[in-house]
Amino acid sequence: MENLDLKQMSTMVDIIAEEKGLPKDTVLNVIEQAIAAAWRKDNGDRDMNVRAVLNTKTGEAEVFVAREVIEDGLAYNPSTEIPISEAGKNAKIGDIVEEKFKVKSFGRVAAMTAKQVVVQRLREAENDAVLTAFEDKIGTIVTGTVSRVEPKLVRIDLGHANAIMPRSEQIDGEYYTVGNRIKVYIKNIERGERGAQLIVSRGSAEFIECLFRQEVPEVENGSVEIRGIAREAGRRTKIAVMSTVPGVDPVGTFVGGRGIRVGAVMNEIGDKEKIDIINWSDNASEYIREALSPAEIIKVEIDGKKAKVYVSEDQQSIAIGKQGQNVRLASKLTGYDIDIVLSKPTAKKKKQNVEDALLSAIEEETADEPTEDSADQTTTE
């Protein structure tokens, strides 16, 4: 590569494309980028806008330097700008014109630069091609192996691709060890200056939803539905479900016989995280009551997207939850700003003594009966 044999490079396009499993156009583009970088190293500077064209049949290459047309007499950067008097007859101010150069040979440093560009760009192209194949798997769960654990992320080997799991997508309190096989949710492919990067998650609500879809076949046939999920990974999850078929218990369907279905999900995420499965309702008041379970609610008052929930003193801490977790997740699940209010106890009437009540009743009856004197008086008369 030190002599940068263009004819040899042109014949290698097909071979590299087959070896790397890349399109021929992609490989050709990589080599042309390398030729442009090498030419810039020998003949120009880093500011130049240079593109190269390689003829794979003849092995010859040309480079084109693009510059913007500016007014005569102005100070200009010859690497990126050209006066209109030098730009040609049909050029106008603001146009981009290209000057063509024949590629003949390169120096040693330029050839090494070209080699580095080829290696780097081919690696990026391979990575992009692999990740493109994963685009159809976004929103699904796959199994991978922990390849490296870093302070801010965990690297996962998915076989034909590598992914990262940022701290924000991890389960709080979960430890990852190199070599461990784990399930991850393919969340997204982020593309930036350094190429494409596959992002996976275990801490998202979508991960929980996919796990339940795997365990509850009734979701696929449409007899039950997941209507909402609120999650604080590693601590607690609330999931609202409903049935579309009369007589089907949605909560029982997701729990499974002897809790086998919800148990399978908890085995995957760890037993530190609790899962509340509740009935979804289109009645906001009823939905909020369900979302705040296991707390017992006295009354719900709704004003717009705010809800005032009244509870007894012994239910207040349950409704709020540890560090406000229960009410926070209920708010996220229902979409209402929930305020827990302590209900004042109703005044109870003082109970009458049973004996006093009986005595009063007897006195009333006695008062209505005639006395002996009054009876005798009536007879005499």
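Of all residues in region 128-148, how many are in contact with a Leu (Cβ under 9 Å, 6 or more places away or on another chain) and of a type in the set (S, T, N, Q)? Total satisfying the criteria: 2. Among the residues of region 165-182, those identified as touching a strand residue (DSSP E or B) at 6+ places or on another chain (Cβ under 8 Å), surrounded by 11 or more Cβ atoms within 10 Å (Cβ to Cβ) and touching a residue at least 24 places away in the same chain (Cβ under 8 Å) are M165, P166, E169, Q170, D172, Y176, V178, N180, I182. Kindly indicate whether any position in region 260-276 is part of a helix (DSSP H, G or I) and over 24 Å from the mean Cα position of the chain (by Cα). Yes: one or more hits.
All of the numbers you see were taken from the coordinates with simple rules; none came from a lab. Keep in mind that what you see is a predicted model, and the values were worked out from it rather than measured. Backbone-built Cβ (ideal geometry, glycine too); neighbour counts: all protein chains shown.
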